[in-house]
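Here the structure is laid out as C-alpha cells; the discussion comes afterwards.
The values are calculated or read from the model by the stated rules, or taken from the named source; none is laboratory data. The structure displayed is predicted, hence computed values, not measured ones. Cβ sites come from the backbone with ideal geometry, for glycine too, and all protein chains shown count toward neighbours. Each accessible area value is taken on the protein alone, full model and side chains, heavy atoms only, with ligands, DNA and RNA left out. Shrake-Rupley method; radii C 1.70, N 1.55, O 1.52, S 1.80 Å.
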Number of protein chains: 4
Amino acid sequence: MLFLKLIVLTTGGTIEKTYDESDGSLENRETILEKEVCKRLRLPTTQLEIHSIMKKDSLYMTDEDRHHILQEVRGYLPLHAPIVIIHGTDTMAKTAEYLQAQLGPLSVPVILTGAMRPVSMQDSDAFQNVTESFMAARLAPPGVYISFHNQLFPAGRVQKNKDTLTFEWKK
Amino acid sequence: MLFLKLIVLTTGGTIEKTYDESDGSLENRETILEKEVCKRLRLPTTQLEIHSIMKKDSLYMTDEDRHHILQEVRGYLPLHAPIVIIHGTDTMAKTAEYLQAQLGPLSVPVILTGAMRPVSMQDSDAFQNVTESFMAARLAPPGVYISFHNQLFPAGRVQKNKDTLTFEWKK
Amino acid sequence: MLFLKLIVLTTGGTIEKTYDESDGSLENRETILEKEVCKRLRLPTTQLEIHSIMKKDSLYMTDEDRHHILQEVRGYLPLHAPIVIIHGTDTMAKTAEYLQAQLGPLSVPVILTGAMRPVSMQDSDAFQNVTESFMAARLAPPGVYISFHNQLFPAGRVQKNKDTLTFEWKK
Amino acid sequence: MLFLKLIVLTTGGTIEKTYDESDGSLENRETILEKEVCKRLRLPTTQLEIHSIMKKDSLYMTDEDRHHILQEVRGYLPLHAPIVIIHGTDTMAKTAEYLQAQLGPLSVPVILTGAMRPVSMQDSDAFQNVTESFMAARLAPPGVYISFHNQLFPAGRVQKNKDTLTFEWKK
C-alpha cells in the first residue's frame with residue numbers, strides 16, 4: 001500500500017483555544033488538533049506527523065515567532081512531504097507572505113489554515129478547514145497557500161476580511 | 001466578489017440513508033445532503049446548486065440508472081462548473097468508469113463521493129468526504145474522479161476494498 | 001463525600017443498535033451505553049455499575065428472557081441501590097408489568113428506559129432518556145416505572161404509541 | 001392527552017454565553033436555551049413556556065437583580081406550573097436561598113440549574129443539567145432546589161465547589 005506522509009505544525013490560534021471551567025477563560029493552552037480533529041478523520045493512507053511548535057494567539061506573534069516557524073518548516077522540507085500549518089487567522093496572511101519570501105523554491109505545498117471559531121465549540125469551522133487543507137495538501141502544486149472555507153489562495157494574494165469573517169483575494 | 005458555481009447531483013447511497021423510528025429500517029428515502037452536510041459548511045464564495053436525481057442504494061443501480069446519471073451530467077456540463085456526484089460506494093467505481101468512457105473531453109472535474117456510514121449517524125465519514133470533494137472540485141484538473149478519505153483517484157484506477165472499508169488504487 | 005450507587009442493566013433494544021459498515025445492517029451487537037452515553041454524563045457523586053445482561057431487540061424477547069431479567073434484578077436488590085434497565089421499546093411495557101407483578105415490595109425504584117432512535121444516530125433521544133432515568137432514580141419512590149421523554153409512568157399504567165413515537169398513559 | 005405546563009426563566013450565566021467571531025469574546029448576549037437545548041429535547045406532553053428575564057453572568061448579579069427574579073417567579077406561581085430558572089453557577093446558591101426565604105409556601109417546585117461549560121461548546125454539561133431539571137420539575141415536591149449533575153439539593157443546603165467544578169452539600 002502507498003502511504004503519503006503529511007506534516008502538520010500547530011502554532012495555536014483561535015482554532016485551538018480551550019475553555020477553563022474554573023475561570024471561564026478561552027485561551028491557547030495546549031494543542032487539541034490531534035484529539036479533536038484528526039482522530040475524527042478517516043486517513044487510511046496518510047501518515048500524519050503532528051508537531052506542536054507554538055501555542056499562541058496570532059495577534060501576539062512576534063517576528064521572532066515567525067522566524068521560529070520558518071526554521072521548523074525548513075527542518076521538515078527535506079522529507080518531501082506536504083506541510084500544513086495551523087495558525088491564528090489575524091496574522092495568517094502575514095506569516096504566509098513571510099514564509100513565501102524566505103523559503104525560496106519548494107518541492108511540496110505549504111498550506112496554512114485555522115478557524116474563525118474554536119474547535120471546542122459547536123458550529124466551529126475547524127473540522128472543515130483542516131479537512132480541506134489536507135485535501136489541498138494532496139492536490140496543490142508546490143508553493144505557500146492559505147486554505148480556508150473551500151478556497152485555496154496563494155500567499156501574497158490573500159487577506160482576512162473581518163466583516164465577512166473569512167479570507168478573500170487581496171485587492 | 002468572485003463566486004464559483006458548484007453543481008451537486010445526489011443519487012442516494014449509504015450516505016443518504018435515513019432511519020425510520022416506526023419500523024427501525026435504514027433506507028434511501030429523501031436527499032438529506034443539503035440539510036445535514038451543506039448547511040454546516042461555510043462556503044462564502046461558492047454558489048451551490050444541489051439536484052436530487054435519484055434515491056438508490058448503488059447495489060441496485062441498473063444500466064438505465066447509469067445512463068440517467070450520464071444524461072444529467074451532460075445537461076450541466078455547459079455551465080462549465082465542477083460537478084460532484086453523491087453516490088453509493090458499492091458501484092461507485094463502475095459509474096465513474098462509465099461516465100469517463102461516455103463523456104469524452106471535459107472542461108471541469110466530475111467528482112464522485114459517498115460514505116461508508118450514513119450521515120445521520122455519529123462518526124459518519126460523510127462530512128469529511130463531501131468537504132474533500134468540494135475542495136477537489138476547486139483544485140483538480142478536468143476529468144472523472146472518485147474522492148474518498150483524503151484521496152483523489154482517477155476513474156478506472158480505483159476500487160472499493162470491502163475489508164479496509166475504503167477505496168484504493170486498482171491493481 | 002456521599003456517593004449514591006446506581007445499578008444499570010442493559011438488555012439491548014433500539015437504543016443500543018450499531019451499524020455495520022460492511023453489510024449496512026443496524027443490529028444489537030454489543031452494549032454501547034457506557035461508551036456512548038454514560039461517559040458523556042457528569043456524575044461526580046454517582047457510583048455507576050453497568051451490567052450487560054442481554055443483547056436483544058425487545059420484539060424478540062421471550063418469557064424466558066423476561067425471567068432472566070427478573071432474576072438479575074432480584075440479585076441486585078439487596079444492594080438497596082436504584083436500578084435502571086435499558087430495554088427495547090416494543091415490549092418495555094410488558095416487561096415492566098411482569099417485573100412489578102413478580103418483584104413484590106421494593107425498597108428502591110426500578111426504572112425502565114430506552115430510545116426511539118439508536119444512540120449511534122444523530123438526533124437520538126437516548127441521551128435524554130438515560131439522563132432522565134438517572135434523575136428519576138434519585139427522586140422516585142420505590143416501585144417499577146417507565147421513564148421516557150420527560151415523563152415517569154408507573155408499570156401497568158403505560159403503553160407505547162406507535163403513531164406518536166412515544167409512551168403514554170394507558171387508557 | 002394530558003399536557004404539563006413548565007415555566008422556564010433564563011437569566012444568563014455560563015450556560016448561555018456565546019462566542020463572537022469578530023473579537024473572540026465569550027459573553028452573555030442572547031438567550032440560546034430554546035434553540036440549543038430545548039429544541040433537541042423530545043417533550044411530547046410538556047407545554048414549555050420560556051421567558052428570558054435577564055442576560056447576566058451571575059458574578060455580577062446585584063440585590064436588585066435578585067429582586068427582579070423574585071418578582072418574575074411570583075408572577076408565574078399562580079399558574080401552578082413547575083418553574084425552572086437557568087442561572088450562572090457562581091451565585092446560584094445565593095439566589096436559591098433568597099428565593100426560598102422570600103417566597104414562603106409553594107405549590108410547585110422551583111428549580112435552579114445552569115452549567116460549568118457554555119452550551120455552545122463541545123462537552124458542555126448544559127444539555128444534561130437542563131434535562132435533569134425538567135425531570136426534577138416533574139417529580140420533586142414543592143420547594144426551591146438546585147438541580148446539577150444528577151443531584152437535587154434543597155436551597156440553603158448546597159454550595160458550589162470550585163475545585164471539583166460541581167455543587168455539593170453544604171457543610
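For segment C:25-82 versus segment D:32-104, the inter-centroid distance based on Cα atoms is 35 Å.
Contact order, relative form, for segment A:1-46: 42 percent (alpha carbon pairs under 8 Å, 6 or more residues apart, mean separation divided by residue count).
Which residues does the label zone of B:Q159 cover in segment B:73-96, counting backbone N under 18 Å from a point 7 Å along Cα→Cβ? Backbone N within reach: B:89-96.
Shortest first, in nm, what separates the label point of A:E27 from those of the same position in the other copies (7 Å along Cα→Cβ)? Those label-point separations list as 2.0, 5.3, 5.6 nm. Note that the protein assembly as shown carries a Kirkwood radius of 27.5 Å, evaluated over its alpha carbons pair by pair. Approximating the spin labels as points 7 Å out from Cα along Cα→Cβ, the C:A81-to-B:D123 distance works out to 2.6 nm. Of all DSSP bridge pairs formed entirely within segment D:9-155, close to 35 percent run antiparallel.
Using C-alpha pairs under 8 Å with a sequence gap of at least 6, the mean separation divided by the residue count of segment D:1-123 gives a relative contact order of 38 percent. The listed residues A:S124, B:S52 rank as B:S52, A:S124 when sorted by accessible area, largest first, using a 1.4 Å probe.
What value, in deg cm²/dmol to 500, does the helix sum -39500 (n - 2.57) over DSSP H runs of n ≥ 4 give at 222 nm once divided by the residues of chain A?
Working: 4 runs with 44 residues, N = 171.
Here the helix-only value at 222 nm equals -8000 deg cm²/dmol.
Each other copy places its own label point for B:S107 at 3.8, 7.5, 8.2 nm from this one, sorted shortest first, where the point lies 7 Å along the Cα-to-beta carbon line. Given R₀ = 45 Å, what would the calculated FRET efficiency be for B:L2 paired with D:K94, taking r from the Cβ atoms and rounding to 0.05? The formula returns an efficiency of 0.20 here. Across peptide C:120-132, the mean count of Cβ atoms from other chains lying within 10 Å of each residue's own Cβ comes to 6.
Stokes-Einstein diffusion coefficient for segment B:7-65 at 10 °C in a medium of 1.306 mPa s, Rh from the Kirkwood formula over Cα pairs: what value in µm²/s? Calculated translational D: 124 µm²/s. Label-to-label distances for B:G143 across copies, nearest first, come out at 1.8, 7.0, 7.2 nm, using points 7 Å from Cα in the beta-carbon direction.
List, in the order given, every pair from D:K94/D:K160; A:K170/B:K39; C:K5/D:K171; B:K94/B:K171 whose Cα-Cα distance in the structure shown is over 19 Å. Display every interim value, and only then the final one.
Numbers: D:K94/D:K160 10 Å; A:K170/B:K39 27 Å; C:K5/D:K171 22 Å; B:K94/B:K171 15 Å.
The pairs that break the limit, which is 19 Å between Cα atoms, are A:K170/B:K39; C:K5/D:K171.
State, as an integer percentage, the relative contact order of segment A:78-171 based on alpha-carbon contacts under 8 Å between residues 6 or more apart. Across segment A:78-171, relative contact order equals 28 percent.
With solvent modelled as a 1.4 Å probe, how much accessible area in total do chains C and B shield from it at their shared surface, in Å² to the nearest 100? Spell out each step's value before the answer.
Details: alone 8930 and 8930 Å², together 16190 Å².
Interface between C and B: roughly 1700 Å².
For the protein assembly as shown, carbon and sulfur atoms together expose 49% of the accessible surface, with a 1.4 angstrom probe and every protein chain in place. Using a probe of 1.4 Å on the protein chains alone, the accessible area found for D:F3 is around 100 Å².
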